[in-house]
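Encoded as structure tokens, the structure appears first; notes follow it.
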Amino acid sequence: MSLSASPSPLIGIIMGSQSDWDVMSNAVKFLEELNIPHEVKIVSAHRTPDRLREYSTTAAQKGIKVIIAGAGGAAHLPGMTAAWTHLPVLGVPMQTHALSGKDSLLSIVQMPAGIPVGTLAIGKAGAVNAAILATSILSLSDQKIEQRLIEWRTKQTESVTLEPV
Ligand code: RP5
């Protein structure tokens, strides 16, 4: 799997740790399937705060339109990213050992008014849906992406059998 699908990524996927990759790779798989230009980086709110500031403040001028940020535990990455950029930020809470991801979810979802983070489900479903939602946002201004998204949704609908096999 290539980590950077295009020199001009439209979606930036960031995660707090290498340990988030198993989950966040599900977002990348969707973007690769629909051929959406993206990039993937490890950016930690706590361990690499300068990298977080640099990434968030330069994303828009690089052409990024949506940022997906996955983090676990004291999951400040999506919120701090949103603090530095006006771009839409979608947060994906990681499942954690200690608190099953409720810590991640609450850390991400409870943003103060004025700095929104669109918060998805805990774990794999959240990562996949963040990628679909980011694609849906891009589809508002790109007809080719809109067409690919509609086709993907139609295929998904057709793949659901009426009866269990
Ligand atoms: C967060 O802390 C990361 O997003 C990760 O989910 C969690 C644990 O990180 P590691 O200790 O596994 O690197 O910053």
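The values are calculated or read from the model by the stated rules, or taken from the named source; none is laboratory data. All values reported here derive from a predicted model rather than from experimental measurement. Cβ sites come from the backbone with ideal geometry, for glycine too, and all protein chains shown count toward neighbours.
List of remarks:
- All conditions in (1) more than 17 Å from Gly118 (Cβ to Cβ); (2) surrounded by fewer than 19 Cβ atoms within 10 Å (Cβ to Cβ); (3) not small (Gly, Ala, Ser) hold for Asp20, with the sole exception of (2).
- Residue list for the range 149-165, restricted to those being in a helix (DSSP H, G or I) and either aromatic (Phe, Trp, Tyr) or modelled with pLDDT under 95 (or both): Trp152
- Some residue of the range 2-12 being touching a helix residue (DSSP H, G or I) at 6+ places or on another chain (Cβ under 8 Å) and either part of a helix (DSSP H, G or I) or within 13 Å of the ligand (Cβ to nearest atom) (or both): no
- Some residue of the range 53-72 being within 13 Å of the ligand (Cβ to nearest atom) and more than 16 Å from Leu90 (Cβ to Cβ): no
- Within the range 13-42, being of a type in the set (Phe, Trp, Tyr) and either more than 14 Å from the ligand (Cβ to nearest atom) or at pLDDT below 95 (or both) holds for one residue alone: Phe30.
- Where a residue in the range 44-68 is touching a residue at least 40 places away in the same chain (Cβ under 8 Å) and its partner, wherever it lies, is within 16 Å of the ligand (Cβ to nearest atom) and assigned to a loop (DSSP other than H, G, I, E, B), with Cβ under 8 Å and at least six apart: Tyr55/Val43
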